[in-house]
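Colleague: Below: one structure in structure tokens.
The values are calculated or read from the model by the stated rules, or taken from the named source; none is laboratory data. As the structure is a computational prediction, the values presented were derived from the model and not from experiment. Keep in mind that these areas ignore ligands, DNA and RNA; they rest on the heavy atoms of the full protein, side chains included. Shrake-Rupley method; radii C 1.70, N 1.55, O 1.52, S 1.80 Å.
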Amino acid sequence: MTRKSIDDPGEPPGIVLSAATSVWLPVSPQRLFDFLRDERLRSEWDILSNGGPMQEMAHIAKGQDHGNCVSLLRASAMNANQSSMLILQETCIDAAGSLVVYAPVDIPAMHVVMNGGDSAYVALLPSGFAIVPDGPGSHGSISNGHVNGNTGGGSSRVSGSLLTVAFQILVNSLPTAKLTVESVETVNNLISCTVQKIKAALQCEMRLSKLGGVGVLSQERTARGESLYGDDQRDKGGGSGIDSGRPFELARRDQKRKSKLKLR
């Protein structure tokens with residue numbers, strides 16, 4: 001879906017492209033939620049992470065459950081010529097499902113807000129994930145967002161999750177611009193790669209768990225410069241500055257480097 005953003009103080013002006021897809025994953029909703037909200041593992045799926053773990057700069061709790069919070073995350077700069085990136089993230093979870101919503105934010109704008117300025121004028125284009133259980137087959141009750149084991153003696157199966165991935169991307173800063181085929185292909189590439197990286201990371205984690213833990217294996221892969229949960233992240237995008245179109249620019253650069261990738 002495309003839309004024009006004009007004179008909205010809470011959004012950057014231009015053409016905004018929204019894309020979403022839903023997939024089923026053979027992991028529990030709690031495990032998927034914990035994986036996606038963990039800033040230390042964000043490099044496994046997020047192109048904004050600069051290929052490394054993020055640091056939580058601020059944490060504002062919204063309830064007793066640690067998963068309900070607002071966080072300010074910072075990505076490490078790849079080199080001295082790059083500025084660190086800030087990401088504003090909100091996470092929430094209850095018995096019905098969970099959300100992980102985030103948006104890159106401008107550093108000067110965040111300084112203004114933290115000093116008492118009006119947050120309504122900070123331009124944000126949120127993206128993120130919605131997670132729901134795949135049905136009543138997930139036996140057991142839910143307490144504080146955690147699924148308890150089946151105590152009824154009946155048959156039980158591995159619970160799964162329905163994951164919806166949604167991105168909002170500023171593809172052009174001119175509201176009168178036309179949407180191009182390249183823009184659609186780039187966003188399609190971004191959302192497809194994100195889903196595939198999440199699948200690969202979780203599958204690798206489950207395999208390592210069956211082998212008895214990740215300790216030795218993680219040390220061996222780290223020594224070789226490899227990512228613990230999937231593909232090598234070292235060649236991911238760079239660039240300086242922060243803007244709402246950064247995911248689009250990084251995805252387009254990544255698409256050119258990986259031109260052999262077949263979109264599904």
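Colleague: Which value, in Å² rounded to 10, gives the accessible area of residue 3 with a 1.4 Å probe and all protein chains present?
Modeller: Rounded to the nearest 10, that gives 70 Å².
Colleague: Rank 24, 45 by accessible area, highest first, at a 1.4 Å probe radius?
Modeller: 24, 45
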